[in-house]
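The values are calculated or read from the model by the stated rules, or taken from the named source; none is laboratory data. Owing to the predicted nature of the structure, the values given are computational and were not obtained by experimental measurement. As a convention, Cβ positions derive from the backbone with ideal geometry for all residues, glycine included, and neighbour counts pool all protein chains shown. Side chains included, ligands, DNA and RNA excluded: accessible areas come from the protein's heavy atoms. Shrake-Rupley method; radii C 1.70, N 1.55, O 1.52, S 1.80 Å.
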Amino acid sequence: MTVTTDQMVQLLTPTGERRPHPVYEGLIADLDGAALRGLYEDLVVVRRIDAEGTALQRQGQLGLWAPMLGQEAAQIGSGRALAADDFVFPSYREHGVAYCRGVDPADVFGMWRGTSLSCWDPYDINMAIPAIIIGAQGLHATGYALGLKRDGAEAAAIAYFGDGATSQGDIAEALGFAATYQAPAVFFCQNNHWAISEPVGLQAQVPIYQRAAGYGMPGIQVDGNDVLAVLAVTRWALQRAREGSGPALIEAVTYRMGPHTTADDPTRYRPTGELEEWRERDPLSRMLALLQREGLADEDYLDSVRAKADAVAAELRAGCLALPDPAPLTMFDNVYAEAHPLVAEERAQYAAYLDGFEGSN
Amino acid sequence: MATTRMSMAKALNAGLRKAMEDDPKVVLMGEDIGKLGGVFRITDGLQKDFGEDRVMDTPLAESGIIGTAVGLAFRGYRPVCEIQFDGFIYPAFDQIVSQVAKLHYRSRGNVKMPLTIRVPFGGGIGAVEHHSESPEAYFAHTAGLRVVSCADADDAYGMLQQAIASDDPVLFFEPKRLYQHKGEVDLDRALTAREPLHQARIARSGTDLTVAAYGPVVGTALAAAEAAAEEGVSIEVVDLRTLSPLDFDTLEQSVLRTGRLVVTHEAAVFMGMGAEIAARITERCFYHLEAPVLRVGGFHLPYPASKLEEHHLPDLDRLLHATDRVLAY
């Protein structure tokens, strides 16, 4: 199924040439050489974080990892469009967005290592913990956006989800509720073409962004491997949301180059040649080509990018390995905000049971 | 103590009004709760007085209602969601058990979910299907949720405010067939002067056996106790009020006094609240029980057509039949 349309916004071709656009080009006019270099550095660093996640899983340090290989531009472009006051409701693959929010890289790994069910304090970085249930977070973003509107805050909420999630009722309900209340919410779909083994054609018979029309909001299709275009359209959607013009749906057309998770085997379902086809549209190489074209990629700069990626990878590896196993009784913590006698009773009983083992030693 | 006589519906309305006056972060959400005031009129007049922003008519999507409320709670609001009828809660089941119940735990206590989900529940009103169900056990089974049910107007007024003030999510099951039952309500008593939300109460003292009930059948249990008294049998009635946490201490004390227990509820007996109560009370009171714990409730079938519901619902005679059996041991 062809998912791209001639409406798809692209500001950078796969070979790194700038493409003019009457509307969106102006939204990134502020990007100078340093900013372009910064975006490329981000792409390289998050690809390295992701590779480290896969390596740590293969080495037995993580129970599971959901690689984002190939989706770097979709995540960096949108993540760098966010303001500090905006609030993110992610799925489980948004490692690049988390990096943009300033999360401690090692914090990303607790959930995958199994030391806790979540990674960070949402209020530290204005980003909710990852949603595993597909699409549930679309509604959470809508509700949070409603709260922003009531509070008179000039901020937006953004929900990240994949093409598979567009089949869920919760995404449909989120689009409906957000439109009804004109909530300052942005729905950011990373159409990476595969929901585990199911192709996007099993989820959508028309391009996903076109669904927005049925809800009465603008929908935009953007080249998700073009960091400049993603940055521009996300800025546009966030800005109009913050200004009270309501929600928008962005479909970032990208590709999951790796498996769904480290437990998956895409060779069982991926058509021959598809991966190679998308490798030619790699988000990193096209940005590097732009930098080279504009004389911004000298060896010193590229060395500094490599050094940054090395440093982040070393830090997160050390941080991951240092995550302590939680004490058994901590599993009873935070089930409720207020005291609950059943939890207290079971905790006490299990503590006494564990004590019995200690006494017998 | 000045009290006002009013229906449970009016008491719930007054409780919502008081909660909204006390805390500007309280917002109501649901289908038809605005101009109509809800199909049972529980939110009557509140949109007029508090505005459309605080009393929100929602699109007809239960998962949407609860999921949006989750986002509002993320932002520091205290949403009170109305599910129009018991049988309509299932489309919201995922948001309730996977998100509402677990977000505090999953976020290591960083995110609070102070939602109140109001559910008119139970039968006895001659309704069509999906309008008379008792789904409380699904939610009591889920850690992270609190589940309560009121049985009279005064408790409805107080417990609803307590539920809204709780930092935990509360499933608030309203016995819809009691909506028009009137009682004395103390509108001035402070919440702190009321029985805590998660405490059962002895609705009637007795010495021969205990009947535990909640919500719509507390009245049935009291009527059974009245009838039994004429036969010289003294029944103690415990209004459980709270299903999660369940106040086993109060119930245990009662059973230690009487030595016998019958549990009654409208929900199907199989895998229901009564099973858990029977098991725990047996564990706690094994050497004091004079008879096995019996249960009286609904059968293992979809809620039947309304011309049959009188057979499905526990009534005075079925309850007395069970108390006779317990006393015969």
message = Run the simple label-point estimate for A:Asp333 and B:Ala275 please: 7 Å along Cα→C-beta, distance reported in nm.
response = 3.4 nm
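With respect to the cross-link table entries A:Lys149/B:Lys48; A:Lys149/B:Lys112; B:Lys10/B:Lys112; B:Lys35/B:Lys307; A:Lys149/B:Lys176; B:Lys25/B:Lys102, which display a Cα-Cα separation exceeding 24 Å?
Values: A:Lys149/B:Lys48 21 Å; A:Lys149/B:Lys112 20 Å; B:Lys10/B:Lys112 30 Å; B:Lys35/B:Lys307 33 Å; A:Lys149/B:Lys176 35 Å; B:Lys25/B:Lys102 22 Å.
The answer is B:Lys10/B:Lys112; B:Lys35/B:Lys307; A:Lys149/B:Lys176.
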request  = At 1.4 Å probe size, with no ligands or nucleic acids counted, give the accessible surface of A:Val108 in Å², nearest ten.
outcome  = 10 Å²
inquiry  = Can you pull out the trypsin sites (Lys or Arg not before Pro) in the stretch B:1-97 whose DSSP state is coil and whose Cβ has at most 13 other Cβ atoms within 10 Å?
reply    = B:Lys35
task = For the stretch A:231-304, state which GluC sites (Glu not before Pro) are in a DSSP loop and have at most 15 other beta carbons lying within 10 Å of their beta carbon.
result = A:Glu243, A:Glu280, A:Glu294
query = Helix A:33-58: angle to the longest alpha-carbon principal axis of chain A, degrees 0 to 90, nearest 10?
reply = 40 degrees
inquiry  = Give the separation of the Cα centroids, the stretch A:254-273 to the stretch A:118-148, in Å.
reply    = 27 Å
inquiry  = Over the Cα atoms, compute the radius of gyration (one decimal) and Dmax (the largest Cα-Cα distance, rounded to a whole number) for chain A, in Å.
reply    = 21.5, 77
key: 10 Å Cβ neighbours from other chains, averaged over peptide A:337-343   = 6
query = For A:Ser245 and A:Ile196 in one chain, what is 0.36 nm times their gap in residues minus the Cα-Cα distance, to one decimal in nm?
reply = 14.1 nm
ask   = In nm, to one decimal, how far is the modelled label at B:Ala223 from the one at A:Asp30, with both set 7 Å along Cα→Cβ?
value = 7.1 nm
task = Work out the FRET efficiency for B:Asp249 and A:Glu154 from their Cβ-Cβ distance, taking R0 = 51 Å, and round it to the nearest 0.05.
result = 0.50
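Please state the shape class of the stretch B:46-140: rounded when a/c is under 1.5, otherwise prolate if a/b exceeds b/c and oblate if not, all from the C-alpha gyration tensor. Each step should come with its number before you reach the end.
Values: a/c = 2.36, a/b = 1.27, b/c = 1.87.
Verdict is oblate for the stretch B:46-140.
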remark   = Connecting every pair of Cα atoms under 10 Å apart in chain A and solving the GNM, the largest mean-square fluctuation among A:Val200, A:Val233, A:Val343 falls on A:Val343
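How big is the dipole moment of chain B about its Cα centre under a simple scheme where the beta carbon of each Lys and Arg is +1, that of each Asp and Glu is -1, and everything else is neutral? Debye, nearest 20, please.
Value, rounded to 20: 760 debye.
Under the 0.36 nm per residue contour assumption, what length would be gained going from the current alpha-carbon distance of B:Ser205 and B:Ala2 to full extension? Intermediate results must be reported in sequence, preceding the final value.
On the way: separation 203, 0.36 × 203 = 73.08 nm, distance 2.53 nm.
Full extension of this stretch gives 70.6 nm more.
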ask   = Taking a 1.4 Å probe, which of A:Tyr99, A:Tyr255 shows the most accessible area, and what order do the others take after it?
value = A:Tyr99, A:Tyr255
query = Across peptide A:110-120, how many C-beta atoms of other chains are within 10 Å of each residue C-beta, on average?
reply = 2
query = Which parts of the stretch A:183-205 would a label at A:Ala213 reach, counting a residue when its backbone N lies under 17 Å from a point 7 Å out along Cα-to-Cβ?
reply = A:204-205
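Once the piece of chain linking B:His300 and B:Val128 is laid out straight, how much longer is it, given 0.36 nm per residue of separation minus the C-alpha distance between them? All intermediate terms of the calculation are to be shown ahead of the outcome.
Details: separation 172, 0.36 × 172 = 61.92 nm, distance 1.84 nm.
Additional length available on full extension: 60.1 nm.
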inquiry  = Pick from A:Gly70, A:Gly96, A:Gly295 the residue whose mean-square fluctuation is largest in a GNM of chain A, springs joining Cα atoms under 10 Å.
reply    = A:Gly295
request  = Can you tell me the FRET efficiency between B:His288 and A:Ile132 if r is taken as the Cβ-Cβ distance and R0 is 56 Å, rounded to the nearest 0.05?
outcome  = 0.75
note = For chain B, longest principal axis from Cα atoms; helix B:218-230 axis from its Cα atoms; angle between them, nearest 10 degrees, is 20 degrees
message = Taking the full set of protein chains and a 1.4 angstrom probe, give the accessible area of B:Asp324 in square angstrom, rounded to the nearest 10.
response = 100 Å²
